[in-house]
Each structure stands twice: as structure tokens, then as C-alpha cells.
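Just below is one structure, and these are the notes that go with it.
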Amino acid sequence: SAVISQKPSRDICQRGTSLTIQCQVDSQVTMMFWYRQQPGQSLTLIATANQGSEATYESGFVIDKFPISRPNLTFSTLTVSNMSPEDSSIYLCSVAFSGGSYEQYFGPGTRLTVT
Amino acid sequence: DAKTTQPTSMDCAEGRAANLPCNHSTISGNEYVYWYRQIHSQGPQYIIHGLKNNETNEMASLIITEDRKSSTLILPHATLRDTAVYYCIVRVFSGYSTLTFGKGTMLLVSP
């Protein structure tokens, strides 16, 4: 299993600003993922972040809006840029190990409110 | 990944078994059935997964029909802390495939 922490746990931001969310894992992981959960909705995958390569974005998400860094095997950041109220969501970091049963583990999430 | 269909909500009395159904009629031969749950204001939690045989762990049992077109997650003795949204997901057994979440089933366990 993995213990995942995210910072900040929540934030209230003004439109037009940017917020960087950090994800720290207590062990080295192959794959890291970022999800968004809009109010009352299910989770939607934003991108997959591999160490040493560019993140792979899902349809509807672009690097300019959601730049991601993955500097090592235990850490990743997601930036929400030029925010609007529509970006108000919970952002979740998730990890998976290579081998084994490929279970994904999730962080507690970052609750973002844009005013 | 194949699509799944789950009831929107279910109720269960505390101490009774909760049986959560899932239909996945278009599942492929190399896709597994995974169950996750999300307790309010927390990240999703892995519960169990299986291919074609029934599986049991400390949290739950997973019953998969012989044709693999449906499955049932069983919480043998539901508690109030089991109140959550339960997601049934089918995915290829690979570290390079991700989880695609549907709407899930909101299970409410009552005293």
C-alpha cells in the first residue's frame, strides 16, 4: 500500500490566479495520476504523470491549464492556472505500483474553491 | 474500458449484509472487475478485484457470474462506517491502464 499526502488540503482562490497542489508518496511509485471531482460528480482523470517524461493528458484537459511536474518517484505537482469558478473541485492524486495487482491508491484530495 | 451499470442508491440496515450489484455485459476477456468506495470527503479506497473466480478479503466478497457479465460486492456485516459511494470498474490488468469512474452506488447504512 501507499500513504499519500496532498498540500494544501483546501484553498479559496480568486479568479485569474494559479494554485499548485503537491502530492507526496511514502514510497517510490511507477505511475502517478491526477483526478478532478467536481461538486456532486464522479472522478475524472486529468492526466498521467510519469517520472522523467511529459505528462499524458486526457481529452478535454491541456497542459497550459493544468501543468504537471514529476521530478522524482515520490512527488508530483499539479497547477491549476488562470482559475475560474468552474475550476472549483476536489483534485486528487493517485498512485499505482508496477507489478502486483496494480491497485491504485488515492490521496485525501485538495478542495479548491474559486471566487 | 468496458462500461458498468450500477443502481444509483441502496439502503442497508446495520449488521445486515449489503449486496451491491454491477452489470458489465461488454467486459473483455482481459479485463478485471475492481471495486472502490469513497467515503464522504475522502479519496477513493480500494476494496477488492477479481477476474472470474469469487474473491474474499477482510473487507468484502466479490461474486462474479460465470459469463462475467455481472458481479456482486458483498459486505457481510454492514456498519455505519460503510456508508459511502461504491464504484464498480472494469479495467485491463496492467499498470498502464487507469481507473475510469462511473457514478457508482450510494450505500446508506442505517441503525
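All of the numbers you see were taken from the coordinates with simple rules; none came from a lab. All of these numbers come straight from a predicted model, not from anything done at the bench. FYI the Cβ positions are ideal-geometry reconstructions off the backbone, even for glycines, and counts take in every protein chain you see.
For segment B:47-111, which chymotrypsin sites (Phe, Trp or Tyr not before Pro) are in a loop by DSSP, counting at most 13 other Cβ atoms within 10 Å? Loop-located and lightly packed - B:PHE93, B:TYR96.
Partnerless cysteines in the protein assembly as shown, where a partner means another cysteine C-beta under 4.7 angstrom, comprise A:CYS13, B:CYS12. Taken over the C-alpha atoms, chain A has Rg and Dmax values of 13.4, 43 angstrom. Each listed q (0.09, 0.13, 0.18 Å⁻¹) maps to a log10 I(q)/I(0) for the protein assembly as shown, found by the Debye formula over equal Cα scatterers with no solvent: -0.38, -0.78, -1.32. Across chain B the C-alpha pair distances fall into 5 Å bins from zero in the proportions 2, 13, 24, 26, 20, 10, 4, 1, 0 percent.
Report the residue, chosen from B:SER97, B:SER25, B:SER41, that carries the largest GNM mean-square fluctuation when chain B is represented by alpha-carbon nodes joined by springs under 10 Å. Of B:SER97, B:SER25, B:SER41, the Gaussian network model singles out B:SER41 as fluctuating most. Distance between the pseudo-spin-label points of B:SER28 and A:LYS65 (7 Å out from Cα toward the beta carbon): 2.8 nm.
Provide the three semi-axes, in whole Å and in decreasing order, of the ellipsoid equivalent to segment B:40-90 as defined by the square roots of 5 times the Cα gyration tensor eigenvalues. Don't skip to the answer; put the middle values down first.
Working: eigenvalues 90, 32, 17 Å².
Semi-axes from the Cα gyration tensor: 21, 13, 9 Å.
Could you name the lysines in cross-link range of A:LYS65, using Cα to Cα under 20 Å and dropping any fewer than eight places away on the same chain? A:LYS65 reaches A:LYS7. Just to be sure I understand the model, the point goes 7 Å from the Cα along the line to the Cβ. What's the resulting B:THR56 to A:THR79 distance in nm? Calculated label separation equals 5.2 nm.
For segment A:20-94, GluC sites (Glu not before Pro) are listed when DSSP marks them as loop and at most 13 other Cβ atoms sit within 10 Å of their Cβ; the list is A:GLU54. Straight-line reach from B:LYS69: taking Cα to Cα under 24 Å and skipping same-chain neighbours fewer than 8 places apart, the lysines in range are B:LYS3, B:LYS52, B:LYS103.
Select from segment B:17-111 those GluC sites (Glu not before Pro) which occupy a DSSP coil region and have at most 14 other Cβ atoms within 10 Å, ordered by residue number.
On the way: sites: B:GLU31, B:GLU55, B:GLU58, B:GLU66; in loops: B:GLU58, B:GLU66.
The qualifying sites are B:GLU58, B:GLU66.
Quick one: net charge of A:PHE106's neighbours, Cβ under 13 Å, K/R +1, D/E -1? That works out to +1.
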